[in-house]
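One structure is given here, and the rest of the page talks about it.
Each reported figure results from applying straightforward, stated rules to the coordinates on display, with no laboratory input. Keep in mind that this is a model prediction, so the values were computed, not measured. Here the Cβ positions follow ideal geometry from the backbone for every residue, glycine too, while neighbour counts run over all protein chains shown.
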Amino acid sequence: MDHSSTVAVLRSTLGEEGFRTSQFRDNFRIVVPADRLFDALRALKEQAGFDMLADVTAVDYLHYPNATDRYGVVYCLVNTTTGERVIVKTFVNDPEPRLPSAFPLWKGADWLEREVFDMFGIVFEGHPDLRRILMPEGFASYPLRKDYPLRGRLERHNFPAIARAEG
Amino acid sequence: MAVRPNENFLITQLDWLANFVRANSLWPMPFATACCGIELMATASSRYDLARFGSEAIRFSPRQCDLMIVAGRVVMKMVPVMQRIWLQMPEPKWCISMGACASSGGVFDTYAVVQGIDRFIPVDVYVPGCPPRPEQLIRAVLDIQEKVKKKGTLFGREFEERKAPERPRALALELAPQEKIVAPGDYRTATQEWEAN
């Protein structure tokens, strides 16, 4: 698929050096810096016609060979008129990974960003209701971070046991 | 002089009557969270026909049931719900832990899945299998019936001695608090191998 018009839109918004692109089979990937992420997403939506946010997810690159940033956040966009798809990626780091929320652009970002927050602890500024969506309210950790133990920190056994005879 | 039956004689016969009635009309409460629930449905439906053993009256309100069948994996978030449902069931009540996941966590040894419901509620019969066949669940119901007939009492005196939680050794003792495991296996070793090449 031809992505030249999409690249032209990004070029006029971010400048020639403001982003990187790569292609793997039919995946067209755009890497943008975190401080220009919202501008890039807005240009893609309003000028390039990407009217659907298909997915928001994240990757933890802790201990990953040759990785320079801790978290990668991935946005999958679809242009429902032409069927064009792009993958927008940005990187954030500890101690307080923060990104602007995509909720003002796509209402579908609501639960997707809540899930990323729940699993990775990445805060989306401007999100209307950034609560945990899968884990219980009182949960303290972010389970999909690589430094979180697979078996947890004993949260799953932190409940009272009920005896058969009451009282 | 009139012959008076002693108290034990009378109570024993009432126990027998109560056990006879209870054992042959166990009302299951299906706490079905996963694939075991499908086998539970098959057990209740016409081919395997749990009604042959008097347990066809499956109710979805815990207040009408006396046999809780926990079928499937139970996640951390579900434990308070399960405990509340168990406490809402009227006495006398029994519990079947159906399948590997409910009994031990099964293959789901992750941060969210509890490693056996018996850590949190009392269990009478465990059913192995992944998922167990309907015949195995019927066997478990028959075992509960046998337990009721042999040990049951009118006022539930057989439960009185079970005052302590009947849980296995706490997992907290087996796991070092700082133990860090990343799937699959030890991630640090995997990284060293990668760097060596």
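Out of every Cα-Cα pair that region B:121-167 contains, those further apart than 13 angstrom amount to 65 percent. Expressed per residue, the C-alpha convex hull volume of the protein assembly as shown stands at 202 Å³.
The phi-based Karplus calculation (6.51 cos²θ - 1.76 cosθ + 1.60; θ = phi - 60°) puts the 3J(HN,Hα) values of region A:42-54 at 5, 5, 5, 6, 7, 9, 9, x, 7, 8, 10, 9, 7 Hz, whole numbers, x for Gly and Pro.
Using only helices, what value at 222 nm comes out for chain A when you add -39,500 (n - 2.57) per DSSP H run of length 4 or more and divide by the total residues, to the nearest 500 deg cm²/dmol?
Calculated mean residue ellipticity at 222 nm is -6000 deg cm²/dmol.
Enter the angle in degrees (range 0 to 90, nearest 10) between the Cα long axis of helix A:109-120 and the first principal axis of the Cα atoms of chain A, meaning the one along which they spread out most. Computed tilt is about 60 degrees. When Rg and the Kirkwood Rh are both derived from Cα coordinates, the Rg/Rh ratio for region B:61-133 amounts to 0.96.
Each Lys and Arg adds +1 at its Cβ and each Asp and Glu adds -1 at its Cβ; summed about the Cα centre, the protein assembly as shown shows a dipole of about 1100 debye. When the trypsin sites (Lys or Arg not before Pro) in region A:3-112 are filtered for DSSP coil states and for at most 11 other beta-carbon atoms within 10 Å of their beta-carbon, the remaining sites are A:Arg25, A:Lys107.
Projected onto its three principal axes, the C-alpha set of region B:7-169 covers 54, 40, 25 Å, listed from the longest axis down. For B:Lys151, the lysines whose Cα comes closer than 27 Å to its Cα, not counting residues fewer than 8 places off in the same chain, are B:Lys93, B:Lys163.
Taking the centroid of alpha carbons for each part, region A:1-20 and region B:32-80 are 57 Å apart. Name the residues of region B:97-120 whose amide N is less than 12 Å from a point 7 angstrom out from the Cα of A:Ala161 along the C-beta direction? Inside the label zone: B:116-120. Note on region B:111-162 and region A:107-167: Cα centroid distance 31 Å, given to the nearest whole angstrom.
Computed from backbone phi with θ = phi - 60° and the Karplus coefficients 6.51, -1.76 and 1.60, the 3J(HN,Hα) list for region B:101-114 is 5, 5, 7, 9, x, x, 7, 8, 8, 10, 4, 9, 9, 6 Hz; x is used for glycine and proline.
Would you mind working out the magnitude of the charge dipole of chain A relative to its Cα centre, with +1 at each Lys and Arg C-beta and -1 at each Asp and Glu C-beta, to the nearest 20 Debye? Write down the numbers at each step before the final one.
Values: 21 positive and 24 negative charges, 87 e Å.
In debye, rounded to 20, chain A gives about 420.
Relative to the longest principal axis of the Cα atoms of chain A, the long axis of helix A:4-14 lies at roughly 80 degrees. Working from label points 7 Å from Cα in the Cα-to-Cβ sense, the A:Arg42 to A:Phe24 distance is 3.1 nm. Taking Lys and Arg as +1 and Asp and Glu as -1, the other residues whose beta-carbon sits under 9 Å from that of A:Val78 total -1.
Shape summary of region A:1-145, radius of gyration then Dmax from alpha carbon positions: 15.2, 47 Å. With a 10 Å cut-off around each Cβ of A:145-151, the average count of Cβ atoms from other chains is 6. Entry note, region A:4-157: relative contact order of 18 percent, from Cα contacts under 8 Å with a spacing of 6+ residues.
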